[in-house]
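So the structure is just underneath, and the comments pick up after that.
The values are calculated or read from the model by the stated rules, or taken from the named source; none is laboratory data. The structure presented is a predicted model; accordingly, all values stated were derived computationally and were not measured. For neighbour counting, all protein chains shown are included, and Cβ atoms are generated from backbone atoms with ideal geometry for every residue, glycine included. To get the accessible areas, we keep the full protein, side chains included, count just its heavy atoms, and leave off ligands, DNA and RNA. Shrake-Rupley method; radii C 1.70, N 1.55, O 1.52, S 1.80 Å.
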Amino acid sequence: MIGGGQGAFIGAVHRIAARIDDEYELVCGAFSGDPEKSRASGLSLGLPSNRVYNSYAELIEKEKQLPESERVQVISIVTPNHVHFAPSKMALENGFHVILDKPMTFSLAEAKELDKVVKATGKLFCLTHTYTGYPMVKEAKQLIKAGKLGEIRKIYVEYPQGWLSTFLEGEHQKQASWRTDPGKSGIAGAMGDIGTHAFNLAEYVSGLEVTQICADINIVVKGRKLDDDGAALLKFNNGASGVLTATQIAAGEENNVKIRVYGEKGGLEWHQSDANSLTVMYTDKPAEIWRTGGSYTSSFASHNTRTPAGHPEGYLEAFANLYRNFALTINAGIDGKEPEKEWLDYPGIEEGVRGMAFIENVIASGKSDKKWTEFKI
């Protein structure tokens, strides 16, 4: 692991997700840019001192020198955005598979370069867009793919949070400080941090791609340097339209991610606050509530379900599904076998490039006088 040391939020989430299915073992790390903090973090996690490194470069260089039976196989990178590209590139070029937290890079230019590196090295790459790991999100995708809703016409996706409704970065709160810093987060705040999740969810579930965008981007809290609120009208490649909202100043909201998709024959709705349920609506009969663990769900949903129906599975399990599918795919390659289609269902480099394109396009649209701007990559 690179990043995720003491005091970090997402590093612990990654470690829990990696261990849920016993597909991974943490063997080394460079947990902080501060060598002392990295060492303290690694030792607290039970690692031997010789496998705790002072920097990501030292980790990659020294691990590469170890015998293949001992060296790390997968490097999980959980640093702030501005420290995504360099360690990912170095890890891939030195023969390691990579799991990377989103958004993929600091800029679209870096994302395109990383895309080239992945293709040139042939190493596997996973991007942790967590919400696509939920069984009923996967079920929604399969229902749409099977044509159960007919031609898709309308998509609504939203991600409201309230944790930045005050100038929290002024209190030197770590998570707020780097996420609102253009030098560490990039050109976007809310749209980069959570807007990318909403964008990815809309494209993943619908199977469509955004082609045009019309955005309104706002900085609501006085003194903040990056957007904390925004909305965008979307056009998709089949002619469907959509609405995306992402805000971090909706006081009282937690992580209320939700998506609604409507086609000519019906619609569906999923929201994280009741993640085990998927509402499926029809034009000629009552709505149905589909549940995680039901015998009627697709292989993609059932493969990503661990417990019998009625036992809630949440954010950590969804996160773990990405890790598990990535591990199963890697192991299939080691064994010389073709991975199952369900195993390959994890976000990768293409989703990363499109996510960075979303950030640049939505911010550019917010600054533009045009009603519609083309979605460019």
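At-a-glance table
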| read-out | value |
| --- | --- |
| Rounded if a/c under 1.5, otherwise prolate or oblate - the stretch 268-315, Cα gyration tensor axes | prolate |
| The chain: calculated mean residue ellipticity at 222 nm from DSSP helix runs of at least 4, using -39500 (n - 2.57) | -10500 deg cm²/dmol |
| Residue-by-residue Karplus 3J(HN,Hα) for the stretch 298-308, coefficients 6.51, -1.76, 1.60, Hz, glycine and proline x | 6, 5, 5, 6, 5, 4, 9, 10, 9, 10, x |
| Protection proxy ranking, peptides 84-94, 162-172, average beta carbon neighbours within 10 Å, highest first | 84-94, 162-172 |
| Directionally averaged shadow of the stretch 75-176, computed from the convex hull of its alpha-carbon atoms, nm² | 9.6 nm² |
| Label point at K265 placed 7 Å out along Cα→Cβ; residues across the stretch 129-143 whose backbone nitrogen lies under 14 Å | 142-143 |
| Carbon plus sulfur fraction of accessible area for the chain, probe 1.4 Å, in percent | 50 percent |
| Linear extension gain, E58 paired with D369, 0.36 nm per residue minus alpha-carbon span | 107.2 nm |
| Distance (nanometres) between label positions extended 7 Å along Cα→Cβ at S299 and I377 | 2.7 nm |
| Estimated FRET transfer efficiency (S69, K112; beta-carbon r; R0 30 Å; 0.05) | 0.25 |
| Percentage relative contact order, the chain, counting C-alpha pairs under 8 Å, at least six apart | 19 percent |
| Tensor-based shape of the stretch 274-377 (alpha-carbon gyration tensor, a/c under 1.5 rounded, otherwise prolate or oblate) | oblate |
| Listed residues N321, N50, N304, most fluctuating in the chain (Gaussian network, C-alpha, under 10 Å) | N50 |
| Axial C-alpha extent at least 18 Å, average Kyte-Doolittle at least -0.5 - helices from the chain (DSSP) | 108-121, 315-334, 349-367 |
| Under 5 Å, built H, 5+ apart or other chain: amide partners of I99 | I75, S76, I77, C126 |
| Gain on full stretching of the segment that runs from K184 to K148 - 0.36 nm per residue minus C-alpha separation | 8.7 nm |
| Estimated FRET transfer efficiency when R0 is 35 angstrom, pair T211-A332 (beta carbons, to 0.05) | 0.55 |
| Paramagnetic reach from E93 in the stretch 1-44 [backbone N under 19 Å; point 7 Å along Cα→Cβ] | 2 |
| Residue among F326, F236, F199 with the largest mean-square fluctuation in a Gaussian network model of the chain, springs linking Cα atoms under 10 Å | F236 |
| Length gained when the stretch D34-K222 is fully extended (0.36 nm per residue, less Cα-Cα span) | 64.5 nm |
| Charge dipole magnitude, Cβ of K and R +1, D and E -1 - the stretch 147-262, Cα centre, debye nearest 20 | 200 debye |
| Virtual spin-label span in nm between V27 and E350, 7 Å along Cα→Cβ | 3.1 nm |
| Amide hydrogen neighbours beyond the local backbone of D227, cut-off 5 Å, H modeled | G189, A190 |
| Signed unit charges on C-beta, dipole axis of the chain, positive-most listed residue S177, A287, A309 | A287 |
| Hz values of 3J(HN,Hα) by residue in the stretch 67-74 - Karplus curve (6.51, -1.76, 1.60), Gly and Pro given as x | x, 4, 6, 10, 5, 4, 9, 10 |
| Nearest-20 debye value, the stretch 237-329 charge dipole, Cβ charges on Lys, Arg, Asp, Glu | 220 debye |
| Dipole in debye (nearest 20) - the stretch 311-377, about Cα centre, beta carbon charges: Lys, Arg +1; Asp, Glu -1 | 420 debye |
| For E253, distant residues with modelled amide H under 5 Å away | G162 |
| E254 versus I16: modelled label distance in nm, points set 7 Å from Cα along the beta carbon direction | 1.2 nm |
| Probe 1.4 Å, protein heavy atoms only - accessible area per residue of the chain in square angstrom | 43 Å² |
| Listed residues S295, S38, S273, most fluctuating in the chain (Gaussian network, C-alpha, under 10 Å) | S295 |
| Hz values of 3J(HN,Hα) by residue in the stretch 264-270 - Karplus curve (6.51, -1.76, 1.60), Gly and Pro given as x | 6, 9, x, x, 8, 9, 9 |
| Mean separation of Cα contacts under 8 Å, 6 or more apart, over the residue count of the stretch 26-180: relative contact order % | 13 percent |
